[in-house]
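Below you'll find the structure, written out as structure tokens, and then a few comments.
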Amino acid sequence: MAGLIASALGRSTHAIVRAIPDSLCLEALRTESDSTVDLELARRQHDGYIGVLRDQLGLHVVELSAEESLPDAPFVEDAAVVCGGTALITRPGAPSRRKEVEAVKKALQDLQLNVVEMTDENATLDGGDVLFTGREFFVGLSKRTNQRGAEILADTFKDYAVSMVPVCDSLHLKSFCSMAGPNLIVIGSSEPAQKALKTMQQMSDHRYDKLTVPDDAAANCIYLNIPGKGHVLLHRAPEEFPESVKVFEKLKDHMLIPVANSELAKVDGCLTCCSILIDKSPSL
Ligand code: GLY
């Protein structure tokens, strides 16, 4: 089924974020078991990220408080998928993360979104596996997200086509890709990333442009379309991924904003993970 308007991609007025608990350092889930997070630096980087959204881009930021029993809770993206005026509260794939959805649900209800809950106990879905292009959804089938979760997403957002993409070597689909504009997919160079892109291209009626960056982790960016500023891209800092940043610098129509994220990346937190973006423009 055809989607609504592609140009709505990136239009956001609000963001939900969540503070970092002390427990993140030792207890957050991670694929690299030997990583040591510098908590103070993680908080400084997270504050920088929030500052970009609120002070530089003018979004209303709702900051949820940290909860020590939920070490992965700053990665709010996994707890809900918001499109237009509807928010699907997910059932995260990691059992230790299931309670994260409670505070996120309340925040989305307070923002008066149409909140839909994923109650099926056979379903799992992490928002990190959901790539919305403005025209359609791609949902990664990963260790965290299963087919039933993707089906419930498709039932929730009936205006859009939903295609499933196997994700084998990464935590989430968006561990190696994201949108950089209404028609532009940023993709990492690894073989699994390129294979996933090929699958997405084969499943779509639409021909997307692609921007290939050397580092998979740098392919996770946040695209925003802000009135008065136009295309904005938050991307990983040049100290972290200098070669990938050289590729972003070729995007002459975008305001580029580097964001440091070295510490949360050690527990598999990427840029999109740390916010839920919501458009409450008057047309909604
Ligand atoms: N640490 C993020 C996650 O594993 O879900």
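Just so you know, all these numbers are worked out from the coordinates, no wet-lab data involved. Given the structure is predicted, the values throughout are model-derived calculations rather than measurements. Here Cβ is always computed from backbone atoms with ideal geometry, including for glycine, and neighbour counts include all displayed protein chains.
Cα centroid separation, region 126-144 to region 156-180: 3 Å. For the chain, the antiparallel share of DSSP beta bridges with both residues in that region comes to about 45%.
Summary of packing: across the peptides 201-212, 173-184, 240-251, the per-residue average of other C-beta atoms within 10 Å ranks them, highest first, as 173-184, 240-251, 201-212.
By its C-alpha gyration tensor, with a ≥ b ≥ c as the square roots of the eigenvalues, how is the chain shaped: rounded for a/c under 1.5, else prolate for a/b larger than b/c, else oblate? Here the chain falls in the rounded category.
Oblate is the label for region 72-142, because the ratio a/c of its alpha-carbon gyration tensor axes (a ≥ b ≥ c) is 1.5 or higher and a/b is not greater than b/c.
How big is the charge dipole of region 91-149 about its Cα centre, in debye rounded to the nearest 20, if each Lys and Arg gets +1 on its Cβ and each Asp and Glu gets -1 on its Cβ?
With Lys and Arg at +1 and Asp and Glu at -1, about 160 debye.
Estimated from helical segments only, the mean residue ellipticity of the chain at 222 nm is -6000 deg cm²/dmol, where each DSSP H run of four or more residues counts as -39500 (n - 2.57). This model, with +1 at the C-beta of Lys and Arg and -1 at the C-beta of Asp and Glu, gives region 1-100 a dipole about its Cα centre of some 520 debye. Of the residues ILE185, CYS25, VAL61, the one whose Cα sits farthest towards the positive end of the charge dipole of the chain is ILE185 (charges of +1 on Lys and Arg Cβ, -1 on Asp and Glu Cβ, taken about the Cα centre). Within the set LYS106/LYS143; LYS99/LYS195; LYS106/LYS252, which residue pairs have Cα atoms separated by over 29 Å? From LYS106/LYS143; LYS99/LYS195; LYS106/LYS252, over 29 Å: LYS99/LYS195; LYS106/LYS252. Simple point charges give the picture: +1 on the Cβ of Lys and Arg, -1 on the Cβ of Asp and Glu, and for region 157-284 a dipole about the Cα centre of about 340 debye. The alpha-carbon of LYS246 sits under 13 angstrom from the alpha-carbons of these aspartates and glutamates, leaving out residues fewer than 8 places away in its chain: ASP215. Checking the Cα-Cα distances for LYS158/LYS210; LYS174/LYS280; LYS174/LYS198 against a 22 Å cut-off, the pairs over it are LYS158/LYS210; LYS174/LYS280. Classify region 38-104 as rounded, prolate or oblate from the Cα gyration tensor: take a ≥ b ≥ c as the square roots of its eigenvalues, call it rounded if a/c is under 1.5, otherwise prolate when a/b beats b/c and oblate if not. It comes out oblate by the Cα gyration axes. With the highest mean first, a sort of the peptides 187-200, 213-226 on other beta-carbon atoms found within 10 angstrom per residue produces 213-226, 187-200.
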